[in-house]
Structure formats: C-alpha cells, structure tokens
Amino acid sequence: MSALSSVARATLRHPPGRVQGNGLTVTVFGCTGFIGRYVCAELGEKGHTIVVPYRGDVSEVNHIRVMADLGNTANVAFSARDPESVRYAVKGSDVVVNLIGKHYQTKHLLPWWINYTYDDVHVHAAETIAKVCAEEKISRLIHVSSILAKPNSPSIWAASKYRGEVAVRKAFPKANIVRLGAIYGPEDRFLNWIADRMQIGGVPLVDNGEAVLQPAFVNDVATALYAMIIDEYMTGQTFELVGDEEYTAKELADYVFDATKHAPNLINLPLSVARLIGKFCEQFPDPRFTADWATRLGLNQVKTSSLPGFRELDIEPAKMEKEAPNFLLKYNRAGHFQEVSGYH
C-alpha cells in the first residue's frame with residue numbers, strides 16, 4: 001500500500017495548473033450527446049479549450065464545464081438552421097468536431113410538434129457547419145458518420161448519413177470522416193436498450209437476430225477522435241471505427257441476459273412486423289423504437305473496407321466482456337449484492 005493518500009496519488013496523476021494557455025480551441029457540436037461528453041472529457045483533461053454549442057437551456061451543458069480547467073469552456077447558443085450562430089460557435093477555433101445526430105425523426109401526429117428530420121440533421125446541418133468552417137478558414141473539421149452510411153440503404157437514417165458525408169466532402173474537402181459502428185458505454189442506446197427491453201417483457205430480434213456487429217467502447221472512440229484532433233497533418237481521411245470481435249444480434253442479447261443474471265426472453269419478429277410496431281411507437285415523443293430502427297436491427301454493422309481504424313491510431317480496442325459489466329450491473333435483480341458474499 002502506498003504511503004500517499006488517495007488525494008495525493010490523484011494529484012500526481014493530474015497535477016493542478018496543467019493548462020498554460022497553449023492548447024487547441026475545439027468546437028464540439030453534439031457535445032451533450034453520448035459520445036460528445038467523452039470527447040469533451042478528453043479535451044478538458046489534456047488542457048484544451050472547449051467551445052460548447054448548445055440548444056435549449058444553458059443548464060443542459062453545465063456538466064461539461066467541470067471537464068476542463070476553470071475558464072476553459074465557452075457555452076454558445078446556436079441553431080443548426082442559423083448559419084450566423086454556427087459561425088459564432090466556430091470562429092477562432094483550431095478544430096471543429098461534428099457529432100450531431102438523431103436516432104429518430106421528431107415527427108408527430110400533431111403537425112406543430114414536427115421539428116427535425118434525418119435530412120435536416122444529418123445532411124443540412126452537417127453541410128451548414130462544413131460551409132461555415134470553410135468560409136472561416138478553420139484548419140480541420142472532423143465529421144462523425146455511420147458504418148451503415150450507404151446511398152441505397154434500406155434505412156432512411158443510414159442513407160441520410162451517406163448524403164451528409166457527400167455534402168461535407170463537397171463543402172470541406174479536407175474533412176476527416178469517421179464512420180462508427182455499434183457503440184457501447186454507460187449511456188448507450190445499444191446494450192442499455194437491450195437491458196431495458198429485457199425488463200419490460202422481452203428483447204425483440206429481427207429475423208432471428210442474425211445481423212452481425214462489431215461493438216466498440218465509447219472511451220476508445222473518444223480517444224480516437226482526440227488523436228485526430230491533435231494531429232494537424234491528419235486531413236481528408238475516412239476512418240471506420242469498430243471493435244475486434246464479431247457478434248450476432250442474438251449473441252449480444254444473450255450476453256446481456258447472462259451479464260445481468262436474467263433468464264433469456266427473446267421475441268423473434270419478422271422485419272415487417274417489427275416495422276409495424278416501430279411505426280406505432282414513433283408517433284409519440286422521444287420514441288424508444290421506430291420503423292427505421294427495426295430496419296437497422298437487421299443490418300450488419302461491420303468493417304466494410306481497408307480504411308484505417310483504431311490500430312492506425314495506436315489504439316487497442318477494449319473487450320466488451322471487460323467493460324460492459326461495469327454499467328450493466330444496475331440491471332441485476334439484486335444489484336451488486338449478487339457479486340459478493342455477505343454485506344460489506
């Protein structure tokens with residue numbers, strides 16, 4: 001046991017006063033999302049200044065302020081439909097990262113509830129950011145897309161991701177494009193989504209859960225994006241970030257049941273039935289399932305080419321079996337008490 005206190009050990013790892021004012025200034029669109037908060041944590045820990053574009057109330061981004069040293073975050077209200085507000089958010093930045101995305105279209109039976117479609121977010125907003133970055137002569141732009149991005153994808157979400165890539169490349173040819181597969185982590189819509197379905201009656205599988213995925217850990221994705229941010233010579237490339245291991249959707253569901261000590265309860269659905277259920281669910285605000293989501297559940301999310309990935313960025317992808325139990329533990333019927341003998 002070290003003679004140093006836990007506070008002293010933490011101080012040695014992260015000494016105070018590490019910021020000398022010579023780091024990068026990075027604008028992170030989508031900073032409040034699942035991946036965005038991890039990217040901001042990487043930037044803040046390394047002493048960089050983070051510009052935090054936000055919609056809604058400023059209190060929604062307060063958690064990012066503590067990720068960096070005092071004064072090293074700047075909150076900027078913006079609208080993706082207002083190029084001048086985007087310009088204000090990127091002006092003076094060294095690097096801009098676009099993580100903005102939607103898992104569902106904010107449509108509703110009531111027409112005045114309609115807000116953003118997939119194209120509004122993945123194409124038009126991405127194009128606006130890229131054009132403004134080019135006009136402001138921003139050195140580098142990193143645009144985050146999907147491994148499913150294909151021009152003729154059966155998923156309208158995935159097809160819009162492809163159109164977004166094309167728009168960004170046209171407006172900012174030297175942009176780095178990052179295609180992500182399935183991402184897992186404490187706040188994900190992936191393993192947590194499976195566990196949530198498990199608790200309310202059963203986990204739906206589309207066409208026997210035969211789709212193949214290569215899940216990646218969110219910390220690894222954030223580390224990879226940080227590596228691109230700090231490398232001034234890395235421009236105009238396309239990356240595919242996926243994990244090493246391949247799993248079918250059924251194997252992943254079985255893994256969640258096993259990790260949480262629940263009896264398997266899988267519901268196999270033909271795609272047509274799954275889409276019908278999704279069509280009903282998507283009529284409500286903040287849907288947990290949509291018709292297009294059902295389509296994506298049946299698509300393979302694996303590396304599709306020889307494009308660079310984690311290892312070209314000197315990152316060894318984490319093992320899901322090592323990281324996932326840390327946040328799936330909350331779904332155990334008895335919580336952590338199932339993992340220990342006696343009370344402590």
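Among the candidates Ala89, Ala80, Ala130, single out the residue that is free of Cβ contacts under 8 Å to residues at least 60 places away in the same chain, among the small types (Gly, Ala, Ser) and within 16 Å of Thr32 (Cα to Cα). Full working, then the answer.
Numbers: Ala89 fails: free of Cβ contacts under 8 Å to residues at least 60 places away in the same chain; Ala130 fails: within 16 Å of Thr32 (Cα to Cα).
Ala80 is the lone residue from the list that is free of Cβ contacts under 8 Å to residues at least 60 places away in the same chain, among the small types (Gly, Ala, Ser) and within 16 Å of Thr32 (Cα to Cα).
Within the stretch 217-233, not a single residue is more than 20 Å from Val28 (Cα to Cα), under 19 Å from the mean Cα position of the chain (by Cα), in contact (Cβ under 8 Å) with a residue 40 or more places away in the chain and crowded, with 21+ Cβ neighbours inside 10 Å. Can you pull out every residue in the stretch 185-198 that is in contact (Cβ under 8 Å) with a residue 40 or more places away in the chain and either surrounded by 22 or more Cβ atoms within 10 Å (Cβ to Cβ) or assigned to a helix (DSSP H, G or I) (or both)? Gly185, Leu191, Asn192, Trp193, Ile194, Ala195, Asp196, Met198, listed by residue number. Scoring Thr295 on the criteria (1) modelled with pLDDT under 95; (2) farther than 30 Å from Arg140 by Cα; (3) among the β-branched types (Val, Ile, Thr) leaves a single failure, condition (1). From the residues in the stretch 288-303 that are in a loop (DSSP other than H, G, I, E, B) and among the polar types (S, T, N, Q), which one is farthest from Val203 (Cα to Cα)? Ranking the qualifying residues of the stretch 288-303, first place goes to Asn300.
Residue by residue, here is whether (1) modelled with pLDDT of 95 or more; (2) under 20 Å from Asp254 (Cβ atoms) holds:
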{"position": "Cys281", "(1), (2)": "no, no"}
{"position": "Thr290", "(1), (2)": "no, no"}
{"position": "Lys319", "(1), (2)": "yes, yes"}
{"position": "Tyr331", "(1), (2)": "no, yes"}
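As for the stretch 97-110, it holds no residue that is out of contact with any helix residue (DSSP H, G or I) (no Cβ under 7 Å at 6 or more places or on another chain), at pLDDT 95 or above and either crowded, with 23+ Cβ neighbours inside 10 Å or closer than 26 Å to Thr25 by Cα (or both).
The values are calculated or read from the model by the stated rules, or taken from the named source; none is laboratory data. Since the structure is predicted, the reported quantities are computational estimates derived from the model, not experimental observations. All Cβ positions, glycine included, derive from the backbone under ideal geometry; neighbour counts span all protein chains shown.
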